[in-house]
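To start, the structure itself, in C-alpha cells.
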Amino acid sequence: YKNPHYAPGRSVNVHLFEWKWDDIATECENFLGPRGFGGIQISPPNENVVLWTYNRPWWERYQPMSYLLDTRSGDEAQFADMLRRCNSAGVRIYVDAVINHMTGEPPENVGTAGSTATFSQWDYPAVPFTWEHFNWPHCVIDGMDYVNDAWRVRNCELVGLKDLNQANEHVRNMIVNFMNHLIDLGVAGFRIDAAKHMWPHDLEIIYNRLNNLNTAHGFPANARPYIYQEVIDYGGEAISRDEYTPIGAVTEFKVGMELSRAFRGNNQLKWLESWGPQWGLLEHSDALTFIDNHDNERGHGGGGAMLTYKEPRPYKGAIAFLLAHPYGEPQIMSSFAFHDSEIGPPMNHLGQIISPSINSDGSCGNGWVCQHRWRQVFAMVAFRNVAGNTGLNDWWSNGFNQIAFCRGGNAFVAFNNDSWDLNQNLQTCLPAGRYCDVISGVKAGNTCTGKTVTVGNDGRAIINVGALDYDMMLAIHIGTESRL
Ligand code: QV4
Ligand code: CA
C-alpha cells in the first residue's frame with residue numbers, strides 16, 4: 001500500500017483541489033503528462049450535500065450523502081473518461097476517500113446526485129445506511145479528547161459529522177464496494193480522509209478487501225492501491241501516526257511545519273543537512289510530504305502557519321527543497337484564490353464550477369492559482385525525475401542560510417535565504433558544460449532565458465544567487481545544457 005505506482009520516470013502528486021473531471025483530463029494531456037507529473041489527488045468524487053445556505057463552501061464535499069459518483073466535478077461518465085485519459089497520459093489518479101462519516105445536520109437535505117436523507121434519524125437511503133450503522137452512544141469530539149481519549153476521537157463525531165461504525169460488516173461492505181468501483185474504473189489509490197478518526201484494525205480489514213489495480217489501465221499485475229492516511233500528528237496526542245504506518249503511508253504534517261519555519265527565516269537552512277527521520281519525521285517510505293494542504297492553507301484542521309501561495313517567494317523555496325530532496329513522496333497543492341476561508345471554488349450563479357482558463361504565459365486565470373503551472377514548481381518536478389533514485393551528496397552550507405547539494409551526478413540545487421548574496425565556487429557534480437538555471441528561466445533553443453551556469457571539468461562552477469533575486473534558489477540538471 002506504500003507504492004504510488006507512478007509510471008516510469010515520473011514523480012510528484014498534485015492536489016487539483018475542486019477541479020472538474022473534464023478539466024483534469026485535459027490538464028493530464030496538455031500539461032501534467034508532458035511535464036512528468038506522477039499523479040493527481042482529486043476532490044471527493046461521491047455525492048455530497050448541497051449547501052446553498054453557506055453559498056456552496058468547499059467543505060460541503062466532506063459531507064457525503066451517498067457513494068454515487070456525481071458531484072460538481074462531474075458525473076460517473078466524466079470520471080471514467082478522466083481515468084482513461086489521465087492513465088493514457090501516464091498520470092495516476094488518487095481519490096480523497098471520505099469514509100469516516102456522512103453529513104452533519106445541515107439545513108438542506110439534497111445531495112449533488114439528488115439523493116435525500118433524514119439526518120435526525122441517521123438515515124441515508126441512497127447508500128443505504130440507517131442508525132444501526134453508526135457509532136453509539138452519540139457523542140461529539142471535544143478538544144481535550146485529542147490529548148487524552150483515543151476512543152472518543154474514533155467513536156464520537158468529528159465536528160458533528162455522523163460517525164460511521166467501520167466495525168460493522170454492512171458499513172465495511174458499502175465502503176469496500178465504493179472503493180473497489182473506483183479501482184476498477186482505474187484509480188491508483190486513496191487519501192484516507194480523517195484516518196485518525198477510524199480504528200487502524202478496521203481500516204486494515206477494509207484495505208485488505210480492496211481489488212488489485214486495474215491492469216487494463218496500465219498497472220502491473222497484483223499491484224495494490226497506494227494508500228496515504230490523513231493523520232495530523234505534531235506529537236503530544238492520544239493517537240500517533242505510528243499506529244497507521246503498519247497499514248499504509250501517512251501524511252507527514254511536520255514537513256510543512258518545519259520547512260515553512262525554515263524558509264520563512266525562523267530556522268537556519270544549514271540544519272537541513274540532516275533532513276529526514278532525524279528531524280522526527282516518518283521513515284521515507286511511510287511519508288506523504290507537502291508544504292500546505294487544502295485545510296491548513298486556509299486555517300482549517302488546526303492551521304499551523306504553513307507557507308501558502310500568498311507568500312510566494314519563501315513558498316517556492318520550500319517547495320523547491322521538498323522536491324529536490326530525496327526524502328518522502330511529495331505532493332504539491334494547486335489552489336483556487338480566496339480571501340474568505342469558507343468560500344468554494346469559482347462558480348456561476350447556478351453553482352457550477354468555472355473552469356480555469358490558461359493565459360498565454362501558461363499560468364491560470366478565472367480565479368485559479370495553479371501552483372503546478374508556476375515555472376519554479378514544474379521545473380523542480382523535472383529536476384526530481386532526472387535525479388531519479390540517486391541519493392544526496394556534496395552538501396555545502398555557509399553556516400547560515402545558504403545551502404547547496406547534488407543528486408548523484410544528475411542534478412544540483414542551491415538556496416540563499418540570507419540577506420547577502422551567495423557567490424561561491426561550488427561542486428555541482430555535473431559533467432562539464434553550460435547549463436540553464438531552470439528557476440530563473442528556461443532553455444530556449446541554444447540559450448538560456450535566465451541564468452547560465454558554466455561547469456568546469458572538475459564539476460565546479462561559480463554559483464550566484466543574489467539576496468534580492470526574484471527567487472531564492474538556482475537549479476541545474478542533465479538535459480538543460482545550452483550549446484552556446
Ligand atoms: C458545526 C460546529 C460543530 C458542531 C456542528 C454541529 O462547528 O462544533 O458540532 O456544527 O452540527 C463543517 C463546518 C463545521 C460544522 C460541520 C458539521 O465547517 O463548522 O460543524 O461542517 O456541520 C472539512 C472542513 C470542516 C467541515 C467539514 C465538513 O474542514 O470545517 O465542517 O469539512 O463539511 C481535524 C481532523 C482532520 C480534519 C481536520 C479538518 O483530525 O481529519 O480536523 N481534516 C479532514 C479534511 C477536512 C474535512 C474533514 C476531515 C472532514 O481534510 O477538509 O473537514 O471530512 O484535524
Ligand atoms: Ca469515527
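The values are calculated or read from the model by the stated rules, or taken from the named source; none is laboratory data. Computed from a prediction, not measured in an experiment: that's the story for all the values here. We place every Cβ from the backbone using ideal geometry, glycine too, and count neighbours over all the protein chains shown. Areas reflect the complete protein model, heavy atoms only, side chains present, ligands, DNA and RNA absent. Shrake-Rupley method; radii C 1.70, N 1.55, O 1.52, S 1.80 Å.
The Cα atoms of the range 77-220 cover 47, 35, 26 Å along the three principal axes, with the biggest extent listed first.
If the range 47-136 were replaced by its equivalent ellipsoid, with semi-axes equal to the square roots of 5 times the Cα gyration tensor eigenvalues, what would those be, largest first, whole Å?
Working: eigenvalues 143, 45, 25 Å².
They are 27, 15, 11 Å, listed from largest to smallest.
Between Gln278 and Asn222, the modelled labels are 3.8 nm apart [label points 7 Å from Cα along Cα→Cβ].
Can you give me the C-alpha center-to-center distance between the range 182-202 and the range 1-51, rounded to a whole angstrom? Centre-to-centre distance over Cα atoms comes out at 16 Å. Sorted largest first by accessible area at a 1.4 angstrom probe radius, with every protein chain in place, the residues Thr428, Thr452 fall in the order Thr452, Thr428. Farthest toward the positive end of the dipole of the range 298-396, out of Met306, Ala320, Ala337, is the Cα of Ala320, where the dipole comes from beta carbon charges about the Cα centre. Amide H contacts of His101: Leu164, each under 5 Å away and 5 or more positions distant or on a separate chain (H built 1.01 Å from N in the peptide plane; Pro and chain starts excluded). Here the chain is assigned +1 on the Cβ of each Lys and Arg and -1 on the Cβ of each Asp and Glu. Its dipole about the Cα centre then comes out at about 1720 debye.
Here the chain is treated as a sphere whose radius is the Kirkwood value from Cα pairs; by Stokes-Einstein at 4 °C and 1.567 mPa s it diffuses with a coefficient of 56 µm²/s. For the range 287-434, a simple Cβ point-charge model (Lys and Arg +1, Asp and Glu -1, everything else neutral) yields a dipole of about 420 debye relative to the Cα centre.
Across 10 Å bins from 0, what is the distribution of all Cα-Cα pair distances for the range 107-182, in whole percents? Bin by bin from 0 Å, the calculated values are 18, 42, 32, 8, 0. Scaling against 2.2 N^0.38 Å puts the C-alpha radius of gyration of the range 223-369 at 1.15. Taking a spot 7 Å from the Cα of Asn366 along the direction of its beta carbon, which residues of the range 86-127 have an amide N less than 20 Å from it? Counting backbone N atoms under 20 Å from the label point, the list is 86. Taking every alpha-carbon pair within the range 351-442, the share separated by more than 15 Å comes to 69 percent. The distance linking the range 410-436 with the range 83-104 is 39 Å (Cα centroid to Cα centroid, whole angstrom). Shown are Lys162, Lys2, Lys310, whose ranking by accessible area with a 1.4 Å probe and every protein chain present, most to least, is Lys310, Lys2, Lys162. For Trp420, the solvent-accessible surface computed with a 1.4 Å probe is close to 120 Å², ligands and nucleic acids excluded. For the range 29-122, the dipole from Cβ point charges (+1 on Lys and Arg, -1 on Asp and Glu) about the Cα centre works out to 380 debye, to the nearest 20. Residues in the range 124-243 average 39 Å² of solvent-accessible surface per residue, probe 1.4 Å, ligands and nucleic acids excluded.
Could you tell me which residue out of Gly433, Met473, Ile463 lies farthest along the dipole of the range 420-475 toward its positive end? Charges go on the beta carbon: Lys and Arg +1, Asp and Glu -1, centred on the Cα centre. Selected residue: Gly433.
Note on exposure: Asp96, Asp421, Asp75, Asp23 ranked by accessible area (1.4 Å probe, complete protein assembly) read Asp421, Asp75, Asp23, Asp96, with the most exposed listed first.
Going toward the positive end of the dipole of the range 129-264, with +1 on Lys and Arg Cβ and -1 on Asp and Glu Cβ, which of Ile141, Ser240, Gln229 do you reach last? Result: Gln229, furthest along the dipole toward the positive end.
With a probe of 1.4 Å, find how much accessible area the range 307-394 has per residue, and write the answer as a whole number in Å². Mind showing how you got there, number by number?
Details: 3170 Å² over 88 residues.
Roughly 36 Å² per residue, with all protein chains present.
Accessible area of the chain with a 1.4 Å probe: how many percent of it is carbon plus sulfur? Don't jump to the answer; show the numbers that get you there.
Details: 8780 of 17360 Å².
Using a 1.4 Å probe with all protein chains present, the chain comes out at 51 percent carbon and sulfur.
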